[in-house]
Amino acid sequence: MISLRRSVSVLERLEALERASRDGFRSAVAANARHALELERRETEKFRKYLENLARRVGAADSPEELSRAKTEFLAALADQAERAARFVEALQKKVAGSASSLSKLADKARAGVAEDRSLQLGLGQLHAIAQDPDVNRVCPELTEAVKTVEASVERLREQTRVVIAQLRSEVASLRRALESAREEALRDPVSGLLNRNAVLEAIRERLKEGRTFSVLLIWIGNLQYIHFRYGAACRDDFVGQFADRLRGLAGEEAVVGRWGEDRFAVIVGRPKPEALWLSETLLEKFTEPFLIDHKGLVREVTAQIKTGVIEAAPQTTEAKLLADADKLSLALASIPAEP
């Protein structure tokens, strides 16, 4: 009787121990499912669902054999997951090492024109350390912190670069304006403000290429040398400036007006010779009105004594022919002396 009771008691303890063992095993499987290490999201989710299903199988097992098979599967799954985690960490370390190397080169280039960024160096050091860390539990949080440090540092470098680029753009714009100003000055006569001879020649060439009829009106100031000798260079330049302003106003916006020589001016008009002669007569009339110049504190009235002539460029006219005609006309205008 005593032996029977003892046997029943032992059997009950064994059953309780079996239940406790099964519950513990099921809890262990479930815990692994809840705390499965996040590597690749899809694979981790599959592993978690597998462990949850295994935990249910353990809870429903009614024989030692089933528990043994579940245990074998569980250990194999853990080993497989550990192997995948190791491969993942190894690949991650290689990527981090590559990124750190690339960022180091970027930092070296940045330091060539920008002050050394200590935060960037700190972030790079963290990345290099992560690349050597075998502990997967530390890799993810450390990597997150390192990335934040590097991102903040790179953003500062970008801001510095933006400032440098803005400064360079401003300098380029200033240089471009200076270049345009210098180019404009190179095409202008400094005294009259009109186009110089080279600019007038270029305008003539452009119109010859277009193949359309136009005329060139030449104006010769016969008493310009007299004004120079009588009143001085400053008064002469003042007179030339006023003469150029009046000539520009009379010629109109469509005409090209320039200084052809010391005492000669040219006006290019897109009209045949008969119409250009009308402009020539208008100039002869309007320039009878005197100019006022300041000579040693006294205002002097000076009249421009001018001669004009017109040459026409037809579609077949060559540059050489037009310039030869212009030289002949200049000599002809100067052959008649002007009285002071």
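Where a number appears in this text, it was derived from the coordinates with a stated rule and is not lab data. Note that this is a predicted model, so its numbers are computed, not measured. Positions of Cβ are backbone-derived with ideal geometry, glycine not excepted, and every protein chain shown enters the neighbour counts.
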Rel. contact order, % - alpha carbon contacts under 8 angstrom, at least six apart, the range 197-334 = 37 percent
So, with points 7 Å from each Cα along the Cβ direction, the Leu284-Thr161 label distance in nm works out to 7.1 nm
A chain fully extended from Arg87 to Glu254 at 0.36 nm per residue, minus the present Cα-Cα distance, gains in nm 52.2 nm
Please state, as a whole number in µm²/s, the translational diffusion coefficient that the Stokes-Einstein equation yields for the range 197-334 at 20 °C and 1.002 mPa s, with Rh defined as the Kirkwood radius across alpha carbon pairs.
-> 137 µm²/s
Which of the trypsin sites (Lys or Arg not before Pro) found in the range 264-340 are loop residues per DSSP with 15 or fewer other Cβ atoms within 10 Å of their Cβ?
-> Lys296
Taking the Cα centre of the range 197-334 as origin, sum charge times position over the Cβ atoms of Lys and Arg (+1) and Asp and Glu (-1), and report the length of that vector in debye to the nearest 20.
-> 240 debye
Which order do the peptides 158-165, 312-319, 240-247 take when ranked by the mean count of other beta-carbon atoms within 10 Å per residue, highest first?
-> 240-247, 312-319, 158-165
